[in-house]
Amino acid sequence: MIKKFGFVFCLSAFSLLAQSLPEFADSLPNPISDENSRILDQTGILESSGTKHKLNEVITHLEKETSVEMTVVILPSVDPLVPKQVAIELFRIWGVGKKRKGNGILILHVLDQRRIEMEIGYGLEEKLTDIICKNILEERAIPYFELGAFSVGYESLFDSITGVLKSDHAPFLKVLGESSEKFPKPTEAALDEIPEGLEAYLDPSSESREIWEQRYPIFLYMGILIAMIGYFFLWERRDPWLKHYKESHYWETRFRIWASLFLGFSFVCIIISITSFCYAKWGGDFLPQFIAVPGFFGLVLFFFTFNWFKKFWEDSLQYLPIPCKKCGSKLYPVFDETDREEYLDQNDSKEESLHSYRFIIFKCKLCYAIEKQRKPDYRYEEYSSCPNCKIRSVYEKTKTIHSSTYDKEGEEEVKFKCIYCEYSNIKNRIVPKQIRSTRFFLRGGAGSNH
């Protein structure tokens, strides 16, 4: 039953298409009888440039010399029909070509599908073979049409066709070369003025480009606004403007996380805005641009900010609440400087001022238990621990005595000095030999296959 229904449906669809094709062909005015012209241009492109009259003269002159009849049809669209079927139907009902000679040529140009069909009578198939027609279209017409130089493209197309028809013995490539010398390169050809309302047919993406042209400022302003909110949270954790958050437990960590989320989302919005602008300005495929542009900026941003974001998240996670060993509740970080000073001794404050260590103070809200965590800061490697005051505040100064070579070790003098006490020391340190770089050489040889 299902197969029968599918067969009936396909048969009805085919019959509907077969009925609509003759109706569509009959609705088009025959340019020979109605306008005394061989060109039907429903787009107005050749009319506005004045090329239609010139091409009609070429067709008339060709018909007098060779009796070949040529007709050109330029339509904005043939949906839902297929251009090839429309060209065959027009060629049949208009009777292009002399009777019993089959010397007619019909060119159908459909703008929205960017299709050009050439129907050749049986009497011209020896000269205008399928390969020759394809080469003429791809080399002498389509490069101009793609840029919008339709007038020059049709003049070049007509010149190539008439050259092939008039030359009985000249090679096709020679005729094509002579025709190419008469017309400028596609990049240097003058563009036609497109009549109003045809942009959507020439560029199917024009409507979506207009939509994204209106959207990209919205994404841009949205990205800037979200970035401002993100930076507000970023600076709020350092100098709280909302005073009632100042003594709240782990709001600094929350502000860090919110700041990173808002800044990341603002970056996405700005990238979408840049992609939309590129698409609206230059067109092309939206999806590859949507992947390529954010991918490029994402890689650049990742390269320059990876270490910063890594440290940013590591620092944020260190301020999350930890379990209280005394009562089983949670310990929350203390951010108020006055409260922190109560739990830091003098040596701790000195190490924090040097950024060799930083201290995170956790306090329980129930049992008031205190836990102090000591974390290496960004200048941790610049200092070493002092044997006298037990503070990581000893810095080094080196002086070369003997430089190291590839064959001999070197020697340097190292001076140790503590910033906060009178400790100082001088030691000599051996510098290892320099290591030669190893290079590998690959040698290739001739080989043979059996």
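The values are calculated or read from the model by the stated rules, or taken from the named source; none is laboratory data. The structure presented is a predicted model; accordingly, all values stated were derived computationally and were not measured. When we count neighbours, we look across all protein chains shown, and the Cβ atoms used for this are built from the backbone with ideal geometry, even at glycine.
In table form, for the structure just shown:
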{"read-out": "Index of the failed condition, residue 375 passing every other in (1) outside any strand (DSSP E or B); (2) surrounded by fewer than 13 Cβ atoms within 10 Å (Cβ to Cβ)", "value": "(1)"}
{"read-out": "Filtered residues of segment 64-78 (kept if among the acidic types (Asp, Glu) and closer than 27 Å to residue 24 by Cβ)", "value": "69"}
{"read-out": "Residue count, segment 418-430 (criterion: over 56 Å from the mean Cα position of the chain (by Cα) and not in a loop (DSSP other than H, G, I, E, B))", "value": "5"}
{"read-out": "Test for residue 85: is it assigned by TED's automatic domain parsing to the domain that holds residue 145 and at pLDDT below 90", "value": "no"}
{"read-out": "Residue 245, sole failed condition from (1) on the phi < 0 side of the Ramachandran plot; (2) modelled with pLDDT of 70 or more", "value": "(2)"}
{"read-out": "Filter pass, residue 55 being modelled with pLDDT of 85 or more and either assigned by TED's automatic domain parsing to the domain that holds residue 113 or over 24 Å from residue 122 (Cβ atoms) (or both)", "value": "yes"}
{"read-out": "Count of residues meeting criterion [part of a loop (DSSP other than H, G, I, E, B) and charged (D, E, K, R)] in segment 19-49", "value": "2"}
{"read-out": "Entirely in segment 63-173, the strands (runs of 3 or more DSSP E) that have 1 or more residues that are surrounded by 20 or more Cβ atoms within 10 Å (Cβ to Cβ) and touching a residue at least 60 places away in the same chain (Cβ under 8 Å)", "value": "69-75"}
{"read-out": "The listed residue being in contact with a helix residue (DSSP H, G or I) (Cβ under 7 Å, 6 or more places away or on another chain) and of a type in the set (D, E, K, R), out of 98, 127", "value": "127"}
{"read-out": "Qualifying residue in segment 196-205 (condition: at pLDDT 75 or above and either part of a helix (DSSP H, G or I) or not acidic (Asp, Glu) (or both))", "value": "no"}
{"read-out": "Given (1) modelled with pLDDT of 80 or more; (2) assigned to a loop (DSSP other than H, G, I, E, B); (3) of a type in the set (Phe, Trp, Tyr), number of the condition residue 332 does not satisfy", "value": "(2)"}
{"read-out": "Within segment 340-367, considering residues that are touching a residue at least 40 places away in the same chain (Cβ under 8 Å) and part of a helix (DSSP H, G or I), the one nearest to residue 382 (Cα to Cα)", "value": "354"}
{"read-out": "Test set (1) out of contact with any Lys or Arg (no Cβ under 8 Å at 6 or more places or on another chain); (2) in the same structural domain as residue 420 (by TED's automatic domain parsing) - residue 373 fails condition number", "value": "(2)"}
{"read-out": "Inter-residue pairs, beta-carbon under 7 Å, first touching a residue at least 24 places away in the same chain (Cβ under 8 Å) and in segment 416-427, second assigned to a loop (DSSP other than H, G, I, E, B) and not polar (S, T, N, Q), 6+ apart", "value": "418/386; 418/389; 420/389; 420/391; 421/386; 421/389; 423/386; 423/387"}
